[in-house]
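Here is the structure we will look at, set down as structure tokens.
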Amino acid sequence: MRKKIRKFFLSFTVFDLIIIALIAALGIATKPVIVPLVHMITGPLFIPGGAVAGGFYMMWIVVGAGIIGKRGAATLIALVQAIMVIAIGVFGTHGIMSLISYLIPGLAIDLFLIISRQNCRNIVSCFFAGMIANIAGTMMTNLIFFKLPWIPLLLTIAAGALSGCLGGLLAHNLIKGFKKIKISGLRTGSRESVRKKGKIN
């Protein structure tokens, strides 16, 4: 078991870990900005603001998974976010339960990418990764904190799914932007770039 864990972490380069830390920080930094803005719009309409806002700050996990292009990247980003929120006590902390509520969306993305054999290399995988992440986060938050009745819960999940899809589309555009910059070390979910790197090595 220890060897497998060691092998998993050694599969990430120092550059990958820097990207993971930066993406995690961006996700945490944008949350206090996005949530109040979304609540201003969704509040009067009686639409669950948290579920809607989730898709737009969880998109950073999709971006990270697409840029790094390795299995487990989304989970590591989510884990770093959870640790940051607990340690710093920033907006959106739920104490030790943040470890679960933040980690689940990352695990959901990685599970989806493993099953679909994708690396967020195209718009479809980003679309579904964003949707699945926000649905997972919405359901877990409800299970831990809110415990809504079935009908409000279904409406909340529907709002979260839509928001997650939009976040996934934004993530795809950001990944494409990074791809155009052609920074050395960025995989951006592309098999071609991985093959080229393998040939160089």
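In the range 1-32, what count of residues is obtained for those that are assigned to a helix (DSSP H, G or I) and farther than 26 Å from I67 by Cβ?
Applying the first criterion (assigned to a helix (DSSP H, G or I)) to the range 1-32 yields 2-10, 14-32.
Applying the additional criterion that residues be farther than 26 Å from I67 by Cβ yields 2-3.
Residues in the range 1-32 being assigned to a helix (DSSP H, G or I) and farther than 26 Å from I67 by Cβ: 2 in total.
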**OP:** Considering each residue of the range 38-52, count those that are open to solvent by 50 Å² or more (accessible area, probe 1.4 Å) and assigned to a helix (DSSP H, G or I), and give that number.
**Re:** 3
Subject >> Top-ranked residue of the range 1-16 - restricted to ones that are of a type in the set (V, I, T) and surrounded by fewer than 10 Cβ atoms within 10 Å (Cβ to Cβ), ranked as nearest to I77 (Cα to Cα) >> reply: V14
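If a residue has to be aliphatic (A, V, I, L, M) and within 14 Å of Y57 (Cα to Cα) to count, how many in the range 149-165 make the cut? Please lay out each step first, then the result.
Initial filter on the range 149-165 (aliphatic (A, V, I, L, M)): 151, 153-155, 157-159, 161-162.
In the following step, the residues that additionally are within 14 Å of Y57 (Cα to Cα) were identified as 161-162.
Residues in the range 149-165 being aliphatic (A, V, I, L, M) and within 14 Å of Y57 (Cα to Cα): 2 in total.
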Original post:
With respect to the numbered conditions (1) open to solvent by 50 Å² or more (accessible area, probe 1.4 Å); (2) modelled with pLDDT of 80 or more; (3) over 23 Å from V62 (Cα atoms), which one is the sole condition not fulfilled by F146?
Top reply: (2)
**OP:** Output the number of residues of the range 69-124 satisfying the condition of being among the small types (G, A, S), surrounded by 21 or more Cβ atoms within 10 Å (Cβ to Cβ) and in a loop (DSSP other than H, G, I, E, B).
**Re:** 1
Original post:
From S193, S163, which residue is at pLDDT below 85, under 20 Å from V124 (Cα atoms) and not in a loop (DSSP other than H, G, I, E, B)?
Top reply: S193
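Evaluate the range 87-100: report whether one residue or more is within 23 Å of L22 (Cβ to Cβ), touching a Pro at 6+ places or on another chain (Cβ under 9 Å) and of a type in the set (S, T, N, Q).
Of the residues in the range 87-100, the ones within 23 Å of L22 (Cβ to Cβ) are 87-93, 98-99.
Filter once more, keeping what is touching a Pro at 6+ places or on another chain (Cβ under 9 Å): 90-92.
Still in the running and of a type in the set (S, T, N, Q): none.
No: zero hits.
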Original post:
Condition test on I41, is it modelled with pLDDT of 85 or more and either among the aromatic types (F, W, Y) or over 15 Å from the mean Cα position of the chain (by Cα) (or both)?
Top reply: no
Original post:
Right, V35: closer than 21 Å to C165 by Cα, open to solvent by 10 Å² or more (accessible area, probe 1.4 Å), part of a helix (DSSP H, G or I) and not aromatic (F, W, Y) or not?
Top reply: yes
Original post:
Taking only pairs six or more apart or across chains, which ones have beta-carbon atoms under 7 Å, a first residue in the range 123-145 that is over 11 Å from G167 (Cα atoms), and a second residue that is modelled with pLDDT of 85 or more and outside any helix (DSSP H, G or I)?
Top reply: G137/M58
Subject >> Residues satisfying the stated conditions in the range 53-68, i.e. in a helix (DSSP H, G or I) and either acidic (D, E) or open to solvent by less than 30 Å² (accessible area, probe 1.4 Å) (or both) >> reply: A53, G54, G55, M59, I61, V62, V63, G64, A65, G66, I67, I68
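Does M59 qualify as being closer than 14 Å to I77 by Cα and not aromatic (F, W, Y)?
Details: closer than 14 Å to I77 by Cα: yes; not aromatic (F, W, Y): yes.
In short, yes.
The values are calculated or read from the model by the stated rules, or taken from the named source; none is laboratory data. Since this is a predicted model, take the numbers as computed values, not measurements. Backbone-built Cβ (ideal geometry, glycine too); neighbour counts: all protein chains shown. Note: areas computed on protein heavy atoms with side chains; ligands, DNA, RNA excluded. Shrake-Rupley method; radii C 1.70, N 1.55, O 1.52, S 1.80 Å.
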